[in-house]
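Just so it is clear, none of the values below were taken in a lab; they were calculated from the coordinates. In this text, all values refer to a predicted model and were calculated from it rather than measured experimentally. Note: ideal-geometry Cβ built from the backbone for every residue, glycine included; neighbour counts use all protein chains shown.
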Amino acid sequence: MPVKQRKGNVEASTQTHLKIAEVKDNTLVLKDGSVRAILEVSSVNFELLSEQEQNSIIFSYQDFLNSLDFPIQICIRSKRLDIEGYLTRMTEIANNQADPRIKQQTFDYIDFVASFVEYSDIMEKDFYIVIPHEPTRAKVNFFQRFMAQLNPGDNALDYRIRQQEFSVLRKTLNQRVSAVTNALTSAGLYVKRVNTHELIQLFYELYNPITSQGQKVENLLKLNITDAPKLPGQKNA
């Protein structure tokens, strides 16, 4: 007979293989001690710009790339358009309407928009830049790397080392964030650093693409969380 795996074991195994150790101070902390900041960047409809405006953006972006003395990662995320918040606000407006005809028209509009988005499968794109910073540590040999792959879990010693290194790494990381933000802003783009709560929401949706459509993350601002919140599903140490 096939042996059934217990749900708790599966969750523990999945969490063990995630590279993210914790999320705090608008920063991702990985298990190897390195840190990441994520910037959300606006898009530009390049085809609608004049030739002069296009050249200006190209040259600004070229200057930005040439000025970098550290690696970055550019990510594009495509996802189905989420209008739940908009429909909720429209429903509140409809319920507050005194005129029954306007109220009914508003509800008809809500039904139309919900059906249109559902059957049209409208997608939206988000643009991110990931900025890394690595700790300076002694190089490990092949055997140590091999054993780390066999035992990817976290431990108390790694946690203490990360806490000691974090403040120094964060300072340099913030300097890199400022440099990238200023360069992209000068190119006419809007840049926003993804904060702690948004990082948790983002990775919850990335790791749970189907579940997150029907089960939203709770309003974290109303929860009594620590400065180092865990990813959804992560057990406390």
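Other residues within the sphere of radius under 12 Å centred on the Cβ of Ile122, judged by their own Cβ, net out at -1 (K and R +1, D and E -1).
Using a cut-off of 23 Å between Cα atoms, the listed pairs Lys125/Lys192; Lys171/Lys192; Lys19/Lys125; Lys125/Lys171; Lys24/Lys125 include Lys19/Lys125; Lys125/Lys171; Lys24/Lys125 as exceeding that distance.
Rg then Dmax, both in Å and based on the Cα atoms of segment 28-84: 16.2, 47. Karplus-based coupling profile of segment 33-49, in residue order and whole Hz: x, 6, 10, 9, 10, 10, 10, 9, 10, 6, 9, 10, 7, 4, 5, 8, 7, with θ = phi - 60° in 6.51 cos²θ - 1.76 cosθ + 1.60 and x standing for Gly or Pro.
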